[in-house]
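So the structure is just underneath, and the comments pick up after that.
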Amino acid sequence: MSNLTTRQERRFPAAIPVEVTVTGPAQVHALWTENISKGGLFVRSETPLDIGTRLEIRLKGDELDVTLGAEVAHVVDRPTAERTGAVPGLGVRFLELHPDVAIRLLEYIGALEPSQPSYSSSPSTTSHTSHTSHTSNNANAQKVASGSNRSNAGWVLGIDLGTSNTAAYARGPGDVRGVSVFRSDRNRGPILPSVVSLKNLAQPLVGWSALDMQLTDPLTTIYGWKRFLGRSERSEFVERHRVRFPYRVGRDARGELGVIVHDRVVSFIDVAALVLSEVKMGAWNILQRDIEDAVVTVPAHFSTAQRRAVIEAGRRAGLNVRKLVNEPTAAALSLGAGRSLDTRMLVFDLGGGTFDASILEVLDDVFDVKMTSGDSFLGGLDFDRAVAKRLTDMFAAKHRIDLSEEPILARRVLNAAEYAKILLSEHEATDVRVPLVGYDTRGKPIDLEHRLTRAELETLTAPLVERCIGIVEDMLAQAQVSAGDLEAVVLVGGQTRMPLVRSRLERVIGSKIHNHPDGDPAVAKGAAIVGAALDDLGGAILMDVLAVPVGIMVAGGETKWVFPKGSQLPAKRSVTLDSTPAGATAVAVAIWEGADLAAADRHLLGVVHVPSEMLRSGAFELEVQLSADLTLAVQGRAGARVVSLAVETPTRTMDL
C-alpha cells in the first residue's frame, strides 16, 4: 500500500481547520462511498457556524494525510437536536476534490472498490462509520465527532416526489411532528428542486446546483421528468408531449423511457433515483441516520406502471418504499390526523407539474376517499409556458426572431415568465425584461421587454384553469356529491396561490376555501404520518379508491370492464367471459388499466392463462382481486372447478 504521510499540499486561506481522525482503509471507504463521492460530510460539533463558513477538512490517520476545501451547508443546533433526537453538528459541502487527493484516497482504500455515483448505479448503503475529528478556531480547539451508530428501527421518510420540487419529512418512534430533511434559508424553502444535471454522467448534480445549470446547459438539465415516468415510448402521451422539452427522449436497453445525453439513454427511473438518493442523504445530514424505509406520494391518477416505476426508483436509491399514497390524500392526512374531524372535504392540489383532486370523508382518524381525478400535464409549468409563448410570439412579431428555437434563450424567457406570474399573485402589473436576447439589423443588442398585467395573465391561462374546474365538476358528478355537500375545500400546491384559481373555484364551490396550513410541505408530512402508522407509531386509517378503471381483454375475443374508476380498494369482482377463440386449447386474458382499453395509453397490469379444461363448457368466470397497493390475484371458475391462476406481470414498461 502506498505511504501517504506526505505533507498537506492544498491549503485554503481564511478557512477554519477541521481534523478528522480515521482508523483505517475500511473507514475511509465508508467515508468515500457515503460522503466524499457524494459531495459532503457531517461532523459533530456543539459550536454552530454560519452557513457558508469556509472549512479546511483534514483526513488524518495511519498512512494518510489529505486535505479538502469545504463550506458549511447546514447546521443542527442543540435545540433542533433535542427536538428531533439528532446530534448537534455541521453538514459541510466539499468545494472541490483535487484529482491528486482523490487518487490518494483511492490508493489508500486499496482493494476496497469505491462506489462511484453515476446515472445507472444504485446509491451505496454502506453503514456510516463513527470517526473522531478535531476543529480549531484561532487558538481554541474543540473535540467533535462525526457519524452515528444508532438504530434506525421505526424511522421512516415521508417523501413528496414532486414534478418541480421534492419535500421530505423524517419521523421516528414517539415523534408526532417529524422533521424536514432539507433546511430553509432566506432564499430557499425546505425543498429540493426535482432537477438533475447530467452534463457530467459520472458526477450528476441534483437539486439547487442542477437548477443553476438550466440557463447554461438546458439539453442536459432534466426537469419535468415525472411526467414521463413509467410510460411507453410509443404511447400517444409521450408522442404528444416530448417536443415540449429541450432534451431528447428515447428508450434504453431495458426498454425504459429516458433522456438521451452524450449518445446514451438515462432512464427516467434512474433520474428519479438520483433525486431520491439526495433525499436519503439529506436525512443523514440532518439526523445522522441511514433511513431506508419510505412512504412516497404520487399523483392520484398515476397508473400502476407509473407507481411501479416510483417503487423501482426508490429501490435503486437504496430505499424500501413500503407504501405509495396519493398526494391529495396525504395532504388531507397532514391536515386532519389526530384532530378528531368530522367533515367532507375536497382537496384541490395544483402543483408545478400535475393537477389532482380528491373528495374525502373524514371521521376522527378514518380518511375515506370517495373519488379522485386529475391531469398529468396540468400544472404551474404549463401556466409558465402560456406566458412564455405570449412573450416570444410578441418578440417574433416585432423583431422576426424566434426565441423558442434557441434552448438557452427559451429557458431564460421561461424563467422570466415564471417570476412574473408569481409577482402577479400580489400585484396588478409587472415589467418583464430579458436582456440581450438578440441583435437588430444594425448589430445593436435587443432586450425582450413587456409590461404584463394580471388581467393579461388571466386571459392567457384561463383555459388551464377551466380544465381544472372541469375535472372537479366531473368528479363531483361521478361521486354524486353536490358542491353544497362539501364542508371544506383545501388548496395545496404553489399554483393555487394564483387569485384566478381561487376565485374561479369559489364560483363553483362557494366561499369555504382554505389554504393548507402546512403549505408546501403538507404532502410530505402526510406521507410521514402514513409511514408512522405502518409501524403502529401513531395513526390514521386510510381507505382509498381506484383512480384509473381496470378491464380485461381476451385474445381474439371480448373486452369487459372489471373495476370502474372510483372503486373502493381493496376490490373483488367476478366477470363471465362468454366466448373463446375457435379451437383454443388455452386462453390468454390480459388485464389492462386505462380510460379506454383500445387507446394507446392503456397499461398492462398482467396476463393470466386459462387452462384448456376450463374452456370445455364454452364459458368461464374470472374472479379478480385488487389490493390497496394494486396487486392482482385471479381465480378461474368453470362449474364447480375453481383454479388459482398465476398473474404474469410485465417486467418493464411495454410497447402498446
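Check segment 519-538 and report whether any residue there is outside any helix (DSSP H, G or I), at pLDDT below 95 and surrounded by 22 or more Cβ atoms within 10 Å (Cβ to Cβ). The answer is yes; a qualifying residue exists.
For first residues located in segment 309-320 and touching a residue at least 12 places away in the same chain (Cβ under 8 Å), partners that are basic (Lys, Arg) and lie 6+ apart or on another chain with Cβ distances below 7 Å form the pairs 317/280; 318/280; 319/280. Taking residue 227, is it of a type in the set (D, E, K, R), surrounded by 20 or more Cβ atoms within 10 Å (Cβ to Cβ) and touching a residue at least 60 places away in the same chain (Cβ under 8 Å)? Here the answer is yes, as residue 227 does meet what is asked. Of the residues 426, 449, 458, the single one that is under 31 Å from the mean Cα position of the chain (by Cα), surrounded by 12 or more Cβ atoms within 10 Å (Cβ to Cβ) and without any contact (Cβ under 8 Å) to a residue 60 or more places away in the chain is 458.
The values are calculated or read from the model by the stated rules, or taken from the named source; none is laboratory data. Note that the structure is a prediction, hence the values are computed from the model and not measured. We place every Cβ from the backbone using ideal geometry, glycine too, and count neighbours over all the protein chains shown.
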